[in-house]
């Protein structure tokens with residue numbers, strides 16, 4: 001990879017609950033986890049069940065000892081992989097975990113300690129050997145995990161709140177807009193700002209237009225709303241993400257065909273898929 005390149009790899013693309021099995025093998029059954037390589041920097045977005053496989057893969061690279069994990073929100077499908085992230089068990093690793101909008105009543109460290117406590121988990125977080133740093137922020141903050149990496153954040157439309165991210169590196173832009181209910185919605189201006197001219201924008205497309213009629217207020221969206229957002233924000237490539245666990249591979253194939261007919265070049269995220277920007 002070139003020094004200023006950006007590579008996106010999907011380790012989990014489902015929402016709500018893992019759904020492994022023969023009917024989801026082509027798109028994948030793990031919950032959200034996205035790896036973004038910015039040159040030598042490793043940035044991870046969300047820590048669903050896909051995080052386990054990513055952690056195992058990272059240990060194979062002797063040149064990586066520094067990782068950042070950015071959580072959109074702390075619902076279980078986005079954090080359940082944290083106790084199984086292999087680098088946490090290596091004393092030569094440094095891992096920073098970032099999350100927004102939890103303080104003052106909570107923090108990402110307290111969330112992790114609670115997740116790894118009885119009766120939900122058999123061992124405490126103290127078993128980890130890595131140097132772990134916890135970074136709490138407020139939606140709207142600009143984060144700079146490295147001198148050449150900028151992340152802009154915004155609050156999105158979801159129960160308990162969720163953080164959208166805009167990652168800028170080497171003249172390239174990656175946007176993550178998940179979990180959210182617009183478009184239209186309460187946070188449309190924020191989403192357009194995060195996605196403006198993005199090379200790749202991931203958008204919550206959990207439901208179809210017919211399904212969302214009975215699911216208003218659930219905090220999820222549709223691919224049609226994603227297309228409208230991508231057009232308004234002049235996104236180069238729209239990527240549909242956070243697939244409903246009830247949508248099997250055949251359903252997803254039909255959805256992908258419909259979406260690409262409406263907006264050419266639309267991508268439907270698949271587990272294991274790599275996109276170079």
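Rule-based calculations on the coordinates, nothing more; no lab input. The model shown is predicted, which means the values in this text are computed figures rather than measured ones. Glycine also receives a Cβ, built like all others from the backbone with ideal geometry; neighbour counts cover every protein chain displayed.
Please sort 160-166, 51-57 by packing, taking for each peptide the average over its residues of neighbouring beta carbons within 10 angstrom, highest first.
With the highest mean Cβ count within 10 Å placed first, the list reads 160-166, 51-57.
For region 1-131, report the % of Cα-Cα distances exceeding 25 Å.
25 percent
What share of the DSSP beta bridges in the chain is antiparallel, in percent to the nearest 5?
Of those bridges, close to 50 percent are antiparallel.
What's the angle, to the nearest 10 degrees (0 to 90), between helix 223-233's Cα axis and the longest principal axis of the chain?
Compared with the principal axis, the helix lies near 90 degrees.
Would you work out if region 78-158 is rounded, prolate or oblate? Take a ≥ b ≥ c from the square roots of the eigenvalues of the alpha-carbon gyration tensor; rounded if a/c is under 1.5, else prolate when a/b is larger than b/c, oblate otherwise.
oblate
Over 5 Å intervals from 0, what percent of Cα-Cα pairs in the chain sits in each interval?
Histogramming the chain at 5 Å steps yields 1, 6, 13, 18, 20, 18, 12, 7, 3, 1, 0 percent.
Checking the a/c ratio against 1.5 first, then a/b against b/c, what shape does the Cα gyration tensor give for region 161-277?
Note, shape of region 161-277 comes out oblate.
Under 1.5 on a/c is rounded, so check that first for region 1-42, then, if it is not, pick prolate when a/b is larger than b/c and oblate when it is not; a ≥ b ≥ c are the square roots of the alpha carbon gyration tensor eigenvalues. Intermediate results must be reported in sequence, preceding the final value.
On the way: a/c = 5.28, a/b = 2.77, b/c = 1.90.
Cα axes put region 1-42 in the prolate bin.
Using packing as a proxy for protection, rank 22-29, 226-233, 252-259, 35-42 so that the peptide with the highest average count of other Cβ atoms within 10 Å comes first.
Final packing ranking: 226-233, 35-42, 22-29, 252-259.
Can you give me the angle between helix 249-262 and the longest principal axis of the chain, using Cα atoms only, in degrees from 0 to 90, rounded to the nearest 10?
Once rounded, the angle reads 60 degrees.
Got a sec? How would 249, 188 order by Cβ neighbour count within 10 Å, fewest to most?
Working: 249 14, 188 18.
Ordered from fewest to most neighbouring Cβ atoms within 10 Å, 249, 188 come out as 249, 188.
Report the Cα centroid-to-centroid distance between region 68-106 and region 254-277 in angstrom, as an integer.
Here the answer is 28 Å between Cα centres.
Please give the Cα centre distance for region 176-199 versus region 125-157, rounded to the nearest Å.
20 Å
Per Stokes-Einstein, at 20 °C and 1.002 mPa s, what whole-number D in µm² s⁻¹ belongs to region 103-206, with the Kirkwood radius over Cα pairs as the hydrodynamic radius?
The calculation lands on 137 µm²/s.
Antiparallel as a % of all DSSP beta bridges within region 141-241, to the nearest 5?
Antiparallel bridges make up about 60 percent of those DSSP assigns within region 141-241.
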